[in-house]
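A quick write-up on the structure given underneath.
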Amino acid sequence: MKNRWFIALSAVGIHICIGSVYAWSNFTNPLKQMFGWSDQEVALTFSIAILFLGLSAAFLGHFVEKHGPRKAGLLAATFFGIGIAGSGFAVVLESKHLLYLFYGVLGGIGLGVGYITPVSTLVKWFPDRRGFATGLAIMGFGFAAAISSPVMNSLIGSVGVSNTFYILGAVYFLIMAFSSLYLEKPPEGWMPEGFKEKVKAGKAKTSMDLSQLTANEAIKTRRFWYLWMMLFINVTCGIAILAVAKPLAMESIGIDQAAAAALVGAIGVFNGLGRIGWASASDYIGRPNTYTAFFVLQIIIFFFLPDVSVKWLFMGMLIIVYTCYGGGFSCIPAYIGDLFGTKQLGAIHGYILTAWAAAGLVGPLFAAYIKDTTGSYEDSLTFFAGLFVIALAASLLVRIDIRQLQEKNAQSIYPSITEEKSTI
């Protein structure tokens with residue numbers, strides 16, 4: 001029997017590798033200086049990678065369920081390793097289109113499969129702490145940029161851009177491949193040692209799934225689309241502010257460039273902490289309450305942020321936003337398990353991650369559009385507050401669906417009682 005904590009460690013290993021995509025900006029200036037490419041041309045590489053993350057997660061989610069986490073993890077390692085190493089080949093040939101193909105398309109496919117594979121496996125190994133387990137893995141994705149960024153900078157300075165891609169591609173492939181080899185689904189109905197006894201004694205509860213649906217059944221329900229909308233809005237607003245956090249802080253509260261850069265670093269740390277913190281909290285307060293809290297907090301913050309001039313308050317509010325941004329990612333897999341069961345959790349998770357792909361394109365473009373048309377980033381904040389009102393409404397509508405489903409399940413569990421009463 002595999003040790004579930006080593007399964008969790010393997011999941012973190014995969015996510016730390018693929019999460020390095022968030023450190024892409026380290027290559028921006030070197031590529032611009034080498035080839036004279038524009039900011040937009042270089043940034044398009046990252047956008048393509050995020051787009052294919054969402055697409056591959058959606059289309060290959062069924063592969064994860066059919067062939068298991070080990071094969072899916074090795075597929076992710078192959079695509080991501082070739083994508084990163086192939087980017088070095090594209091740099092040697094001075095071809096941005098090859099870079100889009102290797103880093104954006106192939107690397108993006110590795111990202112999508114590598115993202116959903118360990119998460120869907122962990123949910124099944126931690127029936128007692130779903131939120132904590134998924135938060136642990138996705139925290140690795142959030143912290144990856146902080147780990148890989150200094151390594152990338154050091155390698156670029158010492159061995160050059162193309163060799164950096166070659167080295168990273170090989171290292172990522174090895175870490176992801178070895179991590180994938182340990183991944184495995186638990187036996188049907190498995191529970192951790194001692195937990196079954198606690199459940200029988202009434203000292204602990206298992207996660208009660210409201211249904212057991214396939215991915216194709218799940219997308220026909222209203223609650224699937226409520227979750228999709230909630231994630232889309234949370235990520236759209238989060239990515240938009242992440243893309244402009246530095247100039248927004250300098251423009252709004254007048255801090256210097258060094259302080260603004262430190263704020264961006266702090267945001268990255270709290271993005272990671274939010275993933276494990278909120279996900280763990282959701283095991284105790286429930287996923288519906290967690291998402292409602294995300295949106296209430298962010299409505300208040302985005303509405304008042306344009307008028308805040310106190311530096312520590314402005315920074316604190318931005319940090320809270322980013323704990324919610326990270327928490328939105330980490331709580332979704334556990335929420336999917338609660339609402340749709342674990343039968344095809346990886347495939348359903350893949351479908352929902354198309355919201356991330358869409359948000360990755362919409363968020364930064366919208367923030368840039370507001371800046372170009374109004375001359376200020378601050379005007380976009382009020383609009384985002386309005387979007388969070390829609391997300392809050394969706395989070396409340398999910399509750400209605402949950403209540404109706406609970407009532408339906410209760411009637412199906414106790415039909416004999418109703419029949420007995422009718423005969424009497």
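The values are calculated or read from the model by the stated rules, or taken from the named source; none is laboratory data. Fair warning: this is a prediction, and the values are worked out from it, not measured in the lab. Methodologically, a virtual Cβ is constructed for each residue, glycine included, from the backbone with ideal geometry; neighbour enumeration extends over all protein chains shown. Just the protein is used for accessible areas: all its heavy atoms, side chains included, with ligands, DNA and RNA removed. Shrake-Rupley method; radii C 1.70, N 1.55, O 1.52, S 1.80 Å.
Quick notes on this structure:
- For segment 117-167, the equivalent ellipsoid derived from the Cα gyration tensor has semi-axes of 34, 11, 5 Å, listed largest first.
- Segment residue 362..residue 32, full-extension length gain: 116.4 nm, with 0.36 nm per residue of separation and the alpha-carbon distance subtracted.
- Residue-count net charge about residue 229 - beta-carbon cut-off 12 Å; Lys, Arg +1, Asp, Glu -1: +2
- Computed accessible area, residue 148, all protein chains, 1.4 angstrom probe, square angstrom: 10
- Multiplying the residue separation of residue 397 and residue 184 by 0.36 nm and removing their Cα-Cα distance gives an extension gain of 73.1 nm.
- Segment 1-142 - percent relative contact order, Cα under 8 Å, separation 6 or more: 39
- Formal net charge of residues neighbouring residue 276 (Cβ-Cβ distance under 15 Å; K, R +1; D, E -1): +2
- Square roots of 5 times each gyration tensor eigenvalue, C-alpha, segment 282-399, largest first, Å: 29, 18, 12
- Segment residue 5-residue 25, extension gain: residue separation times 0.36 nm, minus the distance between their alpha carbons: 3.9 nm
- Kirkwood-based Rg to Rh ratio, the chain, C-alpha trace: 1.00
- Rounded to whole Hz, the Karplus (6.51, -1.76, 1.60) HN-Hα couplings of segment 270-280, x for glycine and proline: 6, 4, x, 5, x, 5, 7, x, 5, 4, 5
- Estimated vicinal HN-Hα couplings, Hz - segment 105-119 in sequence order (Karplus 6.51, -1.76, 1.60; Gly, Pro = x): 7, 5, x, x, 5, x, 4, x, 5, x, 6, 7, 4, x, 5
- The region of the chain that goes longest without hitting one of the GluC sites (Glu not before Pro) in a DSSP loop, each with at most 14 other Cβ atoms within 10 Å, is 194-424.
- Positive contributions from Lys and Arg (+1) and negative ones from Asp and Glu (-1), summed over other residues with Cβ under 15 Å from the Cβ of residue 70, come out at +3.
- Among 26-37, 296-307, the peptide with the highest mean count of other Cβ atoms within 10 Å heads the list, and the full ranking is 296-307, 26-37.
- Computed log10 I(q)/I(0) for segment 1-159 at 0.10, 0.17, 0.19 Å⁻¹: -0.38, -0.96, -1.14, from the Debye equation with unit scatterers placed on every C-alpha and solvent omitted.
- Calculated log₁₀ intensity ratio I(q)/I(0) where the Debye formula runs over C-alpha points of segment 56-136, q = 0.13, 0.15, 0.20 Å⁻¹: -0.47, -0.58, -0.82
- Packing here is the average count of other Cβ atoms within 10 Å per residue, and on that basis the peptides 104-111, 285-292, highest first, run 104-111, 285-292.
- For peptides 320-329, 164-173, sequence by mean Cβ density within 10 Å, most packed first: 320-329, 164-173
- Per residue, the average separation of C-alpha pairs within less than 8 Å and at least 6 apart gives the chain a relative contact order of 25 percent.
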